[in-house]
Amino acid sequence: MRFPKLPNFSIDWLLMIPVFVLIIISLVTLFSIDQEYFKNQLVYFIISLSVFVFFSQINPSILKRYSVPIYVSSLILLIFLLIIGVESRGSVRWITFFGFGIQFSELLKPFLAISLASYLSNIRLYSFKNFILTLALVFPLSLLIFMQPDLGNALVYLGVMLFVLLISGFPYKFFASSFLLFLASFPLFWLFLHDYQKNRILTFINPSHDPLGTSYNAIQAVIAVGSGMMIGKGLGSGTQSHLRFLPENHTDFIFATLSEQLGFLGSFIVILAFAFLLYRIFILFKESDDGFSKYFSLTAFSIIFIHFFINTGMNLGIIPIVGITLPFVSYGGSSLLSNFILLGLLFAITKKRRREVLEIG
């Protein structure tokens, strides 16, 4: 089987088709909420697609060679953000650039994948020392993001690292020790949480604690998902999302919005698209013939999977609300750009093996 090609650019349709399905569902849902969201997201998509093509042409050896400067630059940008960032609703997460708000905690995720993959590809022994050193690599990034404050993305960075280390083959006892240490330090960690973050955790433990206050978002999301039933209420007809009962219906809770409008059928298509996307990335991980591409593919898989799992989980009321976007579906330029940069780098790094597979096919 021959796949269509652009000059110097082989398209992995098995990877891109589920992405385009998610983009289409996102645009349709956003159009039903607010046409301005639709127009902006379409512009973000065009920009992101162009950036994707650019990053897909980068020489992988350059990425690995400059992984340390990339890591240091990420730290500097996050420190820089805390100093001059734009405050919005009590958080300093954005810098305005040519009229666009850039969220560095989103944008830096693909570059975390480069640094983590480069470091792990040089490890020859899965020792406790290397386990701790890897924690030390990611912890400063998570801490700076937590200080914005952005608990959701801070947990994503840590979660991605732990997931990658677990799949890589580090002994389970290292993770058990880390978990026990976390439990022991949780009272101290609790002191540094903001009141709204504490309330979100308490709300998860007891969802009916404050139905008109801290529990409101979670309850409305679950109602929206359930009310969609099998085929949904139709585009523009969702009561929870369109009558503004459901907050952040275009970002954190867009899964609940599309579930209400498109029903179980629409949400199942979204879940199926993510399943195909993650399966394809996992195959690229298994077929990678060098350490750097292998670990990068695994990190890319982890980033998308953790976002998908946390976002859908909090929309279904099974995970505390932490403000995590749904990749390729939630409204927002930084998130969309970050995900397409990640895919572009994945294309660049796995290009040789992917071409061999396509030629054989």
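Every read-out reported here was derived from the displayed coordinates using simple, explicitly stated rules and does not represent laboratory data. Bear in mind that the values here come from a model prediction, so they are computed numbers and not experimental data. Backbone-built Cβ (ideal geometry, glycine too); neighbour counts: all protein chains shown.
Just a few scattered comments:
- Calculated FRET efficiency for the pair residue 96/residue 132, C-beta based, R₀ 51 Å, to 0.05: 0.85
- Among 77, 151, 246, residue whose mean-square fluctuation peaks in a GNM of the chain (springs only between Cα atoms under 10 Å): 77
- Residues of the stretch 113-127 with amide N under 11 Å of the 7 Å Cα→Cβ point at residue 143: none
- Multiplying the residue separation of residue 43 and residue 268 by 0.36 nm and removing their Cα-Cα distance gives an extension gain of 78.3 nm.
- Counted by neighbouring Cβ atoms within 10 Å, the residues 134, 239, 257 run from fewest to most as 239, 134, 257.
- Each of residue 193 and residue 13 was given a label point 7 Å from its Cα along the Cα-to-Cβ line. The distance between the two points is 4.8 nm.
- Springs between Cα atoms under 10 Å define the GNM used for the chain, and in it the highest mean-square fluctuation of 105, 50, 26 occurs at 50.
- Per residue, the chain reaches -23500 deg cm²/dmol at 222 nm when only DSSP H runs of four or more residues are counted, each adding -39500 (n - 2.57).
- When peptides 231-238, 289-296 are ranked by their average number of other Cβ atoms within 10 Å per residue, the highest-first order is 289-296, 231-238.
- Potential extension, residue 36-residue 289 segment - 0.36 nm per residue separation minus Cα distance: 86.6 nm
- Taking every alpha-carbon pair under 8 Å whose residues sit at least 6 apart, the stretch 8-360 reaches a relative contact order of 28 percent.
- Gaussian network model of the chain, Cα within-10 Å springs - most flexible of 282, 347, 192: 192
- Rounded to the nearest 20, the Cβ-based charge dipole of the chain about its Cα centre (Lys and Arg +1, Asp and Glu -1) stands at 960 debye.
- Computed label-point distance, nm, for sites residue 50 and residue 279 using a 7 Å Cα→Cβ extension: 3.5 nm
- A full extension of the chain between residue 86 and residue 167 corresponds to an added length of 25.4 nm, given 0.36 nm per residue minus the alpha carbon distance.
- Among 106, 260, the order by Cβ neighbours within 10 angstrom, fewest to most, reads 106, 260.
- Positive dipole terminus of the chain, leading residue within 178, 325, 35 (C-beta point charges): 178
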